[in-house]
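To start, the structure itself, in structure tokens.
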Amino acid sequence: MKNLIIYAHPNPASLNHFLKNTVAESLEKSGQEAVIRDLNEINFNPVLSLQDMQGQRMGQVSDDVKTEQTFISWADRIVFVYPIWWTGMPAIMKGYIDRVFSYGFAYRYDQGIQKGLLTGKQTIIINSHGKSNAEYEAIGMGKSLELTSDIGIFKYCGLEIKKHFYFDKADRVSAESVLEWESELKNIFRLIDKVPVFE
């Protein structure tokens, strides 16, 4: 399977960086292809310009967007790795969605009916956040994130969500939790892809 990892965190010492590496190493050990698009490393421009907006409706996108769309078209599965900041995606990830998941590429309308164009592709979303999962559920944040990202973006564009991880209390995480999360990530690919264990 061809896997595209889209990653957004500027700190190479971050938990998200570790989670991204865990995913990549697990996929490579199972013999799968994996390409990483580190949005900070490639200095992706997240600003949706007027030129972008005008071009999208005519099926015209800039070269940097076309590059990312080529990777998405290539992939069988897209793995998003990013922290939850201010109850949403980091700006660079949101800008990636704004520019790359463009009309005519990720979705369109047929006689007024919305149609996702990324059908046939799987996605796994991996998020970290500072509060506990219990706190998020108590204030309705878990449901809000599901509506705004899972339904409002990923399913809207036709992606099949295989798993959405929320790794909580990331700013004060214990070594035990990190080991548990590492195991969860490794196991989800083994379960989905039914591959043997490689250690």
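The values are calculated or read from the model by the stated rules, or taken from the named source; none is laboratory data. Bear in mind the structure is a predicted one, so any value in this text is a computation, not a measurement. Positions of Cβ are generated from backbone atoms using ideal geometry, with glycine treated the same way; all protein chains shown enter the neighbour counts. These area figures cover heavy atoms from the full protein model, side chains too; ligands, DNA and RNA do not enter into them. Shrake-Rupley method; radii C 1.70, N 1.55, O 1.52, S 1.80 Å.
So which residues in segment 173-199 are touching a residue at least 40 places away in the same chain (Cβ under 8 Å) and either assigned to a helix (DSSP H, G or I) or in contact with a Pro (Cβ under 8 Å, 6 or more places away or on another chain) (or both)? Within segment 173-199, V178, W181, E182, L185, K186, I188, F189, R190, I192, D193 qualify. Of all residues in segment 1-25, count the ones that are surrounded by fewer than 21 Cβ atoms within 10 Å (Cβ to Cβ) and under 18 Å from L185 (Cβ atoms). Counting residues in segment 1-25 that are surrounded by fewer than 21 Cβ atoms within 10 Å (Cβ to Cβ) and under 18 Å from L185 (Cβ atoms) gives 9.
Checking each residue in segment 52-96 for being on the phi > 0 side of the Ramachandran plot and either polar (S, T, N, Q) or at pLDDT 95 or above (or both) picks out only T87. Within segment 104-113, the set of residues being modelled with pLDDT of 95 or more and hydroxyl-bearing (S, T, Y) comprises just one member, Y107. F105 falls short on exactly one of the conditions (1) part of a loop (DSSP other than H, G, I, E, B); (2) without any contact (Cβ under 8 Å) to a residue 24 or more places away in the chain, and that condition is (2).
How many residues are hydrophobic (A, V, I, L, M, F, W, C), part of a strand (DSSP E or B) and open to solvent by less than 10 Å² (accessible area, probe 1.4 Å) when one looks only at segment 108-163?
Residues flagged as hydrophobic (A, V, I, L, M, F, W, C), part of a strand (DSSP E or B) and open to solvent by less than 10 Å² (accessible area, probe 1.4 Å) within segment 108-163 amount to 3.
Per the conditions (1) modelled with pLDDT of 90 or more; (2) under 23 Å from E180 (Cβ atoms), the sole criterion not satisfied by G116 is (2). The set of residues in segment 51-99 being surrounded by fewer than 17 Cβ atoms within 10 Å (Cβ to Cβ), among the aliphatic types (A, V, I, L, M) and under 15 Å from A8 (Cα atoms) consists of A91 alone.
Against the definition (under 24 Å from Y166 (Cβ atoms) and either in contact (Cβ under 8 Å) with a residue 24 or more places away in the chain or not in a loop (DSSP other than H, G, I, E, B) (or both)), how does V65 come out, yes or no? Criteria not met by V65.
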